[in-house]
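Undergrad: Provided herewith is a single structure, encoded as structure tokens, for subsequent inquiry.
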Amino acid sequence: MVVATAEEEPRLVAYAVLRDGTADPRKIRARLADRLPDYLMPAVVTAVTAFPLTPRGKVDRAALAARPVTPDGTGGTGAPEAERPGSSPLALLTALWADVLAVPSVVPDDDFFEIGGDSLRVIRLVGKARREGLRIDVEDVYTHPVLSDLARAVSPAEPGATGTPASAEDSPR
């Protein structure tokens, strides 16, 4: 189903009812990738215990759309305390990913594109990260789509750097 809030663009979200109560949304997404063309791939797979129903017994799509969409599909962080982000640049990128992807939390082993990222969100992420003082390029996100890998690949910008190209006025003459 397509889900959107006032703060984000619409995106395709898959909801899965789990028979045994446990499943990895990443594995579900990987199985879907084998069967669906790219344009039909959901940005996020979210696990639910049961579909909400209307009084007539049909799936209540409004109630589904109102649920929070989390990258791990569970509503929690999905990571043990020892794996949670601590200091920059991991902590900064963690907050930026959650903001850009409009999800409540991310964990270090999340893949940007598996939890809802796309080319437009990459550009937003890079812009925000540069404003926060990280030296990062669009290519870095594509080369290192896993949060922990990207955090190791980027570095703080030099003092005074804004991450934006210098203008002609800033150039020495």
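Undergrad: Could you list all residues from the stretch 85-99 that are in a helix (DSSP H, G or I) and in contact with a helix residue (DSSP H, G or I) (Cβ under 9 Å, 6 or more places away or on another chain)?
TA: Leu90, Ala91, Leu92, Leu93, Thr94, Leu96, Trp97, Asp99
Undergrad: In the stretch 100-149, which residues are assigned to a loop (DSSP other than H, G, I, E, B), under 15 Å from Val44 (Cα atoms) and β-branched (Val, Ile, Thr)?
TA: Within the stretch 100-149, Val103, Val106, Val107, Ile115 meet the criteria.
Undergrad: Which pairs do you get when a residue that is closer than 24 Å to Arg26 by Cβ and in contact (Cβ under 8 Å) with a residue 60 or more places away in the chain, found in the stretch 40-68, comes within reach of a residue that is surrounded by 11 or more Cβ atoms within 10 Å (Cβ to Cβ) and basic (Lys, Arg), reach meaning Cβ atoms under 7 angstrom, with the pair 6+ apart or on two chains?
TA: Ala43/Arg11
Undergrad: Suppose we keep only residues that are over 8 Å from the mean Cα position of the chain (by Cα) and surrounded by fewer than 18 Cβ atoms within 10 Å (Cβ to Cβ) within the stretch 91-107. Which one would you say is farthest from Ala153 (Cα to Cα)?
TA: If we take residues in the stretch 91-107 being over 8 Å from the mean Cα position of the chain (by Cα) and surrounded by fewer than 18 Cβ atoms within 10 Å (Cβ to Cβ), then Pro104 is farthest from Ala153 (Cα to Cα).
Undergrad: Checking the structure you have, find out if any residue of the stretch 140-154 is under 13 Å from the mean Cα position of the chain (by Cα), open to solvent by 50 Å² or more (accessible area, probe 1.4 Å) and modelled with pLDDT of 85 or more.
TA: no
Undergrad: Just one of the numbered conditions (1) touching a Pro at 6+ places or on another chain (Cβ under 9 Å); (2) modelled with pLDDT of 65 or more; (3) hydrophobic (A, V, I, L, M, F, W, C); (4) in a loop (DSSP other than H, G, I, E, B) is not true of Leu32; which one?
TA: Unmet condition: (4).
Undergrad: Given the condition hydrophobic (A, V, I, L, M, F, W, C), at pLDDT below 80 and either assigned to a strand (DSSP E or B) or within 25 Å of Pro10 (Cα to Cα) (or both), answer yes or no: does some residue in the stretch 69-84 qualify?
TA: Yes; the residues of the stretch 69-84 include at least one that is hydrophobic (A, V, I, L, M, F, W, C), at pLDDT below 80 and either assigned to a strand (DSSP E or B) or within 25 Å of Pro10 (Cα to Cα) (or both).
Undergrad: Mind checking which residues of the stretch 39-51 are in a loop (DSSP other than H, G, I, E, B) and loosely packed, with under 15 Cβ neighbours inside 10 Å?
TA: Thr49, Ala50, Phe51
Undergrad: To continue, here is another question. What pairs can you find where one residue is in the stretch 103-114 and without any contact (Cβ under 8 Å) to a residue 60 or more places away in the chain, the other is in a loop (DSSP other than H, G, I, E, B) and among the β-branched types (Val, Ile, Thr), and their Cβ atoms are less than 6 Å apart, with a gap of 6+ or different chains?
TA: Val103/Thr70; Pro104/Thr70; Ser105/Thr77; Val107/Thr77
The values are calculated or read from the model by the stated rules, or taken from the named source; none is laboratory data. Only a predicted model underlies this, so the values are computations on that prediction, with no experimental measurement involved. Backbone-built Cβ (ideal geometry, glycine too); neighbour counts: all protein chains shown. Ligands, DNA and RNA are excluded from the accessible area calculation, which covers all protein heavy atoms including side chains. Shrake-Rupley method; radii C 1.70, N 1.55, O 1.52, S 1.80 Å.
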